[in-house]
Amino acid sequence: MKKYLDYIPGFAAAVVIAAIARWLESLLPIHLIGASVIALFIGMGINHFFKPGKRMAPGIKFTSKKVLKFAIILLGASLSISTIMHIGRLSLTVMVFTLATCFGGGYFIGKALGLNWKLSNLISAGTGICGGSAIAAIAPVIDAEDSDIAYAISATFLFDMAMIVLFPIMGRAMGLSDMAYGLWAGTAVNDTSSVVAAGYAFSEAAGDFATMVKLTRTLSIIPTVLVFALIQLNLKRKEALSQGESSDAKMDVNFISLFPWFILGFLIMAAFNSLGLFSAELSAAAKSISKFLMVSALATIGLNTSFKDMKKSGIAPMFHGFIISALVVVVAIAVEYAIGLV
């Protein structure tokens, strides 16, 4: 019982920060910045002036790891595989190319800039899929450091702010239709709130289409997380085997325990929702709770992240995020031209 009571101070602090972040988000005339990013920065600001002590440490760790995984499981209840069918093959075609650009180009750019593979792929995931949600989903699978998570979210967020302003201007300059612009914004802008802001800044119809495309894009979290789970599992296996060889002793490693089982829960929830087993109200409630818990988890990641630690990474991660985001913007519109949408 005492173990669970130890979680209360850290978890309570995360909930308070999340509530403040949601409140600040609601004050904005348009959703230029999501609550998850606000919570992350609040946490980092607190860490800069007042580092959490031992009393809060258990709750912070519990929220950033366990609560985050539970939030991801709940997120599955708001996703439906059938959503893809409503958007059509055109959006999927563009997404295949943008995702290939993010992870393929991101791999080589990350190596060229000397970034560790975890930070590089978190930035690529945030850019290619759905900003903070994708980063939060993949981070526990690859055992990413809190500083890597914070840096990845910051890198994608900064470019998002520029795209919210520039996208409507570029869309009108190119004479894009509502559908073409919505597809472009939905596949090239990172965070959901930023997609909504950029979409509706162009027109009501473009905003609706951009939002639907973004929902379809979010579904790519499922295969992406599974791929990274297999990569991490393979790395753990190689590490265990190499340790066994070096010590000349037979190691009994339970690789099943290394599998991220919360992802299975996420997939089950998504499958149930696809089959229509969840009502619209239940699905919406699950998504709302999931988003709040995710904001709380990102608040604890901020509380555990120091600006000084982030400075050690230098400008390279931000440069990585800028290059990948710029490439995605260009590739997305180029594919639209190639398939005759523009």
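Brief remarks on what is shown
- Test for residue 67: is it touching a residue at least 40 places away in the same chain (Cβ under 8 Å) and not in a helix (DSSP H, G or I): no
- Flag if residue 299 is touching a residue at least 60 places away in the same chain (Cβ under 8 Å), buried (at least 17 other Cβ atoms within 10 Å of the Cβ) and touching a Leu at 6+ places or on another chain (Cβ under 6 Å): no
- Cβ pairs under 8 Å, 6+ apart, first in region 21-37 and over 14 Å from residue 164 (Cα atoms) and modelled with pLDDT of 70 or more, second assigned to a loop (DSSP other than H, G, I, E, B) and of a type in the set (Val, Ile, Thr): 25/33
- Contacts under 8 angstrom Cβ, first residue in region 126-154 being farther than 23 Å from residue 211 by Cα, partner of a type in the set (D, E, K, R) and buried (at least 24 other Cβ atoms within 10 Å of the Cβ), 6 or more apart: 139/148
- Test: residue in region 74-97 that is among the aromatic types (Phe, Trp, Tyr) and over 20 Å from residue 191 (Cα atoms): no
- When region 39-80 is filtered for residues that are in contact with a Lys or Arg (Cβ under 9 Å, 6 or more places away or on another chain), at pLDDT below 85 and either more than 16 Å from residue 288 (Cα to Cα) or surrounded by fewer than 21 Cβ atoms within 10 Å (Cβ to Cβ) (or both), only 48 remains.
- Residue in region 138-151 that is within 22 Å of residue 189 (Cβ to Cβ) and among the aromatic types (Phe, Trp, Tyr) present: yes
- Within region 215-228, tally of residues that are more than 19 Å from residue 123 (Cβ to Cβ) and crowded, with 19+ Cβ neighbours inside 10 Å: 3
- Some residue of region 141-148 being at pLDDT 90 or above, surrounded by 23 or more Cβ atoms within 10 Å (Cβ to Cβ), over 22 Å from residue 21 (Cα atoms) and in contact with a helix residue (DSSP H, G or I) (Cβ under 7 Å, 6 or more places away or on another chain): no
- Look at region 319-342: where a residue is in contact (Cβ under 8 Å) with a residue 12 or more places away in the chain and a partner is outside any helix (DSSP H, G or I) and surrounded by fewer than 22 Cβ atoms within 10 Å (Cβ to Cβ), sitting 6+ places away or on another chain with Cβ atoms under 6 Å, you get 336/342.
- Residue under evaluation residue 165, criteria (1) out of contact with any Leu (no Cβ under 8 Å at 6 or more places or on another chain); (2) surrounded by 24 or more Cβ atoms within 10 Å (Cβ to Cβ), criterion not met: (2)
- Residue 17 among the aliphatic types (A, V, I, L, M), assigned to a helix (DSSP H, G or I) and under 17 Å from residue 288 (Cα atoms): yes
- Residue that is modelled with the lowest pLDDT [pool: residues in region 81-132 that are assigned to a loop (DSSP other than H, G, I, E, B) and surrounded by fewer than 21 Cβ atoms within 10 Å (Cβ to Cβ)]: 88
The values are calculated or read from the model by the stated rules, or taken from the named source; none is laboratory data. If you're wondering where the values come from, they're calculated on a predicted model, not measured in any experiment. Cβ atoms come from the backbone with ideal geometry, glycine included; neighbour counts cover every protein chain shown.
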